[in-house]
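The values are calculated or read from the model by the stated rules, or taken from the named source; none is laboratory data. Predicted model only: the values in this text are computed from it and were never measured. Note that we place each Cβ from the backbone using ideal geometry, even for glycine, and neighbour counts take in every protein chain shown.
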Amino acid sequence: MKLQTTKYEKLFSTPVLRFHVEGHDDLNTALLREGNDMRALSEGVSKSNRAGWHSEGNLFKRKTACVQTLKTLVTDSIAAANAQIGARADFDELSLKLFGWMNMNPAGGYNAPHTHPGAQWSGVYYVSQPAVETGNAGMIEFLDPRSDLPNWRILKAPAFRLKKKLRPMPGDMILFPSYLVHWVYPNESEEERVSIAFNATFKTRRKS
Ligand SMILES: [Fe+2]
């Protein structure tokens with residue numbers, strides 16, 4: 001008798017995508033200026049941010065050229081991600097709502113583990129990252145959403161590695177499902193880390 005493998009499936013995978021905006025320097029300079037203007041007028045709100053500033057309201061409602069450029073890039077990344085996962089929905093029948101906010105993290109600032117309930121895609125665009133970051137400083141880490149995984153640690157299999165961290169660079173955009181728990185390691189530099197986070201929510205378009 002011989003045992004033959006007849007099928008090997010990877011079920012229920014979690015897509016995480018990374019994009020890079022080429023020629024992002026002017027955009028990032030303008031976004032940084034926009035953030036500083038907003039910060040001068042608002043103390044911000046407290047969410048998952050620890051010791052940092054988190055802008056109030058929906059950033060994408062601002063009509064400045066830099067914010068609208070970023071909104072277009074975010075929309076494009078979502079379209080690319082939908083194509084990548086083989087989404088078969090008819091997008092003419094859906095409306096897409098984007099909600100964005102800016103995070104400015106000083107030395108010691110970080111984001112505690114959290115999800116973004118209610119959306120489909122969530123993401124982060126990186127405006128500025130301290131030039132010299134070592135170890136885990138400034139990295140975003142995703143935690144495996146499946147349960148009972150610690151039992152698998154003994155096998156040291158990449159498919160069950162429990163967490164995955166990324167070191168983003170300015171101009172990078174990371175997109176992930178909103179249910180995925182993530183957090184950001186503390187900024188160990190004196191330079192601020194500035195990022196723009198967003199949620200993308202699809203709803204059925206109301207027929208008029
Ligand atoms: Fe987040």
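Taking only pairs six or more apart or across chains, which ones have beta-carbon atoms under 7 Å, a first residue in region 178-189 that is more than 18 Å from S122 (Cβ to Cβ), and a second residue that is among the basic types (K, R)?
From region 178-189, the pairs are N187/R193.
Just to verify a result, which residue in region 169-208, among those that are within 14 Å of the ligand (Cβ to nearest atom) and of a type in the set (S, T, Y), is nearest to N111 (Cα to Cα)?
The residue in question is Y185.
Can you find a residue that is touching an Asp or Glu at 6+ places or on another chain (Cβ under 8 Å), under 23 Å from E34 (Cβ atoms) and more than 16 Å from the ligand (Cβ to nearest atom) anywhere in region 114-130? Outline the logic, then answer.
Looking only at region 114-130, we keep the residues that are touching an Asp or Glu at 6+ places or on another chain (Cβ under 8 Å), and these are 125-126, 128, 130.
Right, trim to under 23 Å from E34 (Cβ atoms) and you get 125-126, 128, 130.
Next cut, more than 16 Å from the ligand (Cβ to nearest atom) only: 128, 130.
The answer is yes, given that some residue of region 114-130 is touching an Asp or Glu at 6+ places or on another chain (Cβ under 8 Å), under 23 Å from E34 (Cβ atoms) and more than 16 Å from the ligand (Cβ to nearest atom).
Under 7 Å between Cβ atoms, which residue pairs at least 6 apart in sequence (or on different chains) link something in region 54-70 that is at pLDDT 95 or above with a partner that is of a type in the set (V, I, T)?
Here the result reads L59/V67; L59/I196; F60/V67; L70/I196, each pair linking region 54-70 to a residue that is of a type in the set (V, I, T).
Does region 80-113 hold any residues that are closer than 27 Å to C66 by Cα and within 16 Å of the ligand (Cβ to nearest atom), and which are they?
Answer for region 80-113, where residues must be closer than 27 Å to C66 by Cα and within 16 Å of the ligand (Cβ to nearest atom): L98, F99, G100, W101, M102, N103, M104, N105, G109, Y110, N111.
If you scan region 9-50, which residues turn out to be within 16 Å of the ligand (Cβ to nearest atom) and aliphatic (A, V, I, L, M)?
Initial filter on region 9-50 (within 16 Å of the ligand (Cβ to nearest atom)): 14, 16-18, 44-50.
Within region 9-50, V16, L17, V45 meet the criteria.
Looking at (1) away from the ligand (no atom under 16 Å from the Cβ); (2) surrounded by 14 or more Cβ atoms within 10 Å (Cβ to Cβ); (3) over 15 Å from Y179 (Cα atoms); (4) at pLDDT 85 or above, which is the one condition that is false for L149?
(4)
Whether any residue in region 6-28 is at pLDDT 95 or above, within 20 Å of F142 (Cα to Cα), touching a helix residue (DSSP H, G or I) at 6+ places or on another chain (Cβ under 8 Å) and in a loop (DSSP other than H, G, I, E, B) is what I want to check.
Yes, there is a match, as at least one residue in region 6-28 is at pLDDT 95 or above, within 20 Å of F142 (Cα to Cα), touching a helix residue (DSSP H, G or I) at 6+ places or on another chain (Cβ under 8 Å) and in a loop (DSSP other than H, G, I, E, B).
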